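Scroll down for the structure; my scribbles are underneath it.
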Amino acid sequence: MQQINEKKFYLTTPIYYINDVPHIGHAYTTIMADVIKRYKKLMGYDVFFLTGTDEHGQKIEQSATQKGITPQALADKMVAHFKALWKTLNIDYDRFIRTTDGYHVEGVKKIFKKVLEKGDIYPGNYEGHYCISDESFVTEMAEDSGDGNKICPDCGKTTVKVTEKCYFFRLSAYQDKLLKFYEENPDFVTPKTRMNEVVSFVKMGLKDLSVTRSTVKWGISMPDDESQTIYVWFDALTNYITAINYNEEDETFQKYWPADLHIIGKDILKFHAVYWPAFLMAAGLPLPKKELIHGWWLKDEKKMSKSEGNVLDPQILLKFFSPDAIKYFMMREASIGADGNFSHQGFIVRVNTDLANDWGNLVSRTGGMTLKYFNQQFDSEAEYSEKENAVKEQYLELEKEVIRFFDNYQFNRGLEKIFFYIGQLNKYIVESQPWELAKSGDKKGILAGVLKTLIRAILSVNNLLSPVIPGTAEKIKKTFNYDAPGLGWKDPGEVFNIDKVEQLFPRVDIKDFFADEETKKPAKEEKEEMQTEKLAEGLITFDDFKKIEMVVAKVTEAEKVEKADKLLKLTVDTGTDTRTLVAGVALYYQPEDLKDKKIIIVKNLKPVKLRGILSQGMILAASDASGRPYIPIIPEETPVGAFLK
Ligand code: MSP
């Protein structure tokens, strides 16, 4: 099943500003890139993964002055924090670029000169507004701040006035070329909504862009005019080519450029999807193939950022949890395009439930029973039935589905499917009752069949999960003394050795976590939150709302419930399973009104029995004063399983 080929995959994260230590938001982009690298490797690609730091510009200059140190000293100090965090998180990057590295400086000068010589950079004067936080020029159209400045439309901070001699890049000349490129490459930016945003932005008209600053000194000086410093975004974006030897344009550059994937947050879309392609066009270089735009991690509904004072330090989580737990949570919790609200409580519950209870227990129960009933060398003859075959078939189906999701960077959906299968394996243990089989002397063959099937399923799922939780995947491979690369049904044969299973994910008690000194602050915050909640009686918090899992489901079958004229029995596909619901709508809806329609259901409602039928969840309907239901029918193109939020 493994696809071996010579295909290359060059992927990048943004390079991080070094005005402060990394937080969970930065870790998110890097973790995502790491997961994609490992997944692509698993699929047989030759991957190059680049990350690094963005060290020049006014923001860093200002930050260093405030701290009373040189920008270079600030950069050196902060880079150490970034590198240390990536090491602890087991991030497997191939190159770490710093924009103060000599080869980068030379490469920026090279591309700048090329565009200058082409005539697309020309001298002028800039008079206008500048957002230091975003390192971005803000137009007159932005809202006034009241003191003669503007409010940055992206980050909400007040701009400063800039009047200086500078050089402009002829961005306006690239408007049509960019629009043509987007038209020919509609998947250049994903998700689609972000692509639409880019197209609208460019259609509104592009003005020439100032690409040098004369009042900023911390940066790369312009070739031919030392009084000018190259604009930090021109400098920073170029890292994607200088890191793979644009200077020499050697084999590495020929092999890896254009990039296959730039991963960025939604705040830096314009720079990557408008400016960067235009700079490359001007320099006569091919454009990146794809840009994946992720949402933000919010804390208390606000983007986590230093200036908001709401950043979460990953080191606090790492005191209690493994890097794998953090990676799993970040990839499972939010879909890549959407924002996710970070709560410690939500984190602990997710990790304890999925990783400790479902996956960890499955592995340790299976390993434990194998050792108990058969000892370390598992060479007992096994008997298999249809059930065992079904476990394998279900896995093969799952793998196909997961590949589809992972190829589209829908890691949350792929992981959801994997954990549904893990749930099925746990059910298979309960149904097979190995402990009962072990009691009767003549059922050893069946018992061996069950345990060997479970071990095969575990080893197969383990490889599928390995891009997301690589540390755990290694431990499992060691436990079962089996390490076959790639995907597919993993079968160590009928004779193999197993070692004692270590606990993979120790359960963390919420109380212990919040009792820790360093986490006291969030504990206090949560206490305050609870008090505010009391004041706002009758209202629910966003976290309360998020507990209700509402999804789009498709009605595959509908029928009347016998001897109950108000009830309809519906079979629905929820995207992760097929289940039965009983709805009290039969007086107003015929089965054929609902069959094949997409509706909204509450998925995580406790099941109840109605007229002997187990109803798993509830359909959503509006109701008038007489109690007549109105069921909202969801447009056909909405994907089954889509969340409502
Ligand atoms: N230096 C520029 C990028 C230059 S790339 C040529 C920059 N740096 S940054 O440090 O501010 O942000 C780097 C990345 O971290 C961005 O993709 C940004 O979206 C991401 N995040 C920063 N805070 C974040 C959250 N709270 N949540 C998720 N990601 C966010 O921009």
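At a glance:
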{"quantity": "Highest to lowest packing among 240-248, 382-390, scored as the average C-beta count within 10 Å", "calculated": "240-248, 382-390"}
{"quantity": "D_trans [Stokes-Einstein, Kirkwood Rh over alpha-carbon pairs] for region 33-148, 10 °C, 1.306 mPa s, µm² s⁻¹", "calculated": "88"}
{"quantity": "Filtered chymotrypsin sites (Phe, Trp or Tyr not before Pro), region 114-214: DSSP coil and at most 14 other beta carbons within 10 Å", "calculated": "none"}
{"quantity": "Between 0 and 90°, nearest 10: helix 470-479 axis offset from the chain longest Cα axis", "calculated": "40"}
{"quantity": "Antiparallel content of DSSP bridges confined to the chain, in %, to 5", "calculated": "70"}
{"quantity": "Spatial separation of Cα centroids for region 64-96 and region 254-325, in angstrom", "calculated": "17"}
{"quantity": "Net dipole in debye of region 297-420 [+1 Lys, Arg Cβ; -1 Asp, Glu Cβ; about Cα centre; nearest 20]", "calculated": "560"}
{"quantity": "Region 87-181: Cα Rg divided by the 2.2 N^0.38 Å rule of thumb", "calculated": "1.45"}
{"quantity": "For region 266-370, alpha-carbon Rg over 2.2 N^0.38 Å", "calculated": "1.50"}
{"quantity": "Relative contact order (percent, whole number), the chain, Cα cutoff 8 Å, 6+ residue spacing", "calculated": "11"}
{"quantity": "Entries of 150/180; 477/603; 41/255; 114/165 with Cα pairs more than 27 Å apart", "calculated": "150/180; 477/603"}
{"quantity": "Rg(Cα) / (2.2 N^0.38 Å) computed for region 596-645, rounded to two decimals", "calculated": "1.31"}
{"quantity": "Förster radius 30 Å - calculated FRET efficiency between residue 385 and residue 474, Cβ distance, rounded to 0.05", "calculated": "0.40"}
{"quantity": "Rounded to 10°, Cα long-axis angle of helix 361-374 versus longest principal axis of the chain", "calculated": "50"}
{"quantity": "Calculated [θ] (222 nm, deg cm²/dmol) that DSSP helices of n ≥ 4 give over the chain, each run adding -39,500 (n - 2.57)", "calculated": "-12500 deg cm²/dmol"}
{"quantity": "Geometric extent, Cα atoms of the chain - Rg, Dmax (angstrom)", "calculated": "28.2, 91"}
{"quantity": "Size of charge dipole - the chain - debye, nearest 20, with Cβ of Lys, Arg +1 and Asp, Glu -1, no other charges", "calculated": "960"}
{"quantity": "Low-density loop positions, GluC sites (Glu not before Pro), region 262-364 - DSSP coil, at most 12 other Cβ in 10 Å", "calculated": "301"}
{"quantity": "Cross-link pairs beyond the 26 Å C-alpha cut-off, checked among 157/319; 563/595; 59/299; 177/290", "calculated": "157/319"}
{"quantity": "Entries of 327/511; 161/207; 203/598 with Cα pairs more than 25 Å apart", "calculated": "203/598"}
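Throughout, read-outs are computed from the coordinates displayed, never taken from laboratory work. Because the structure is predicted, anything quoted here is derived from the model rather than measured. Glycine gets a Cβ as well: all are built from the backbone with ideal geometry, and neighbour counts include every protein chain shown.
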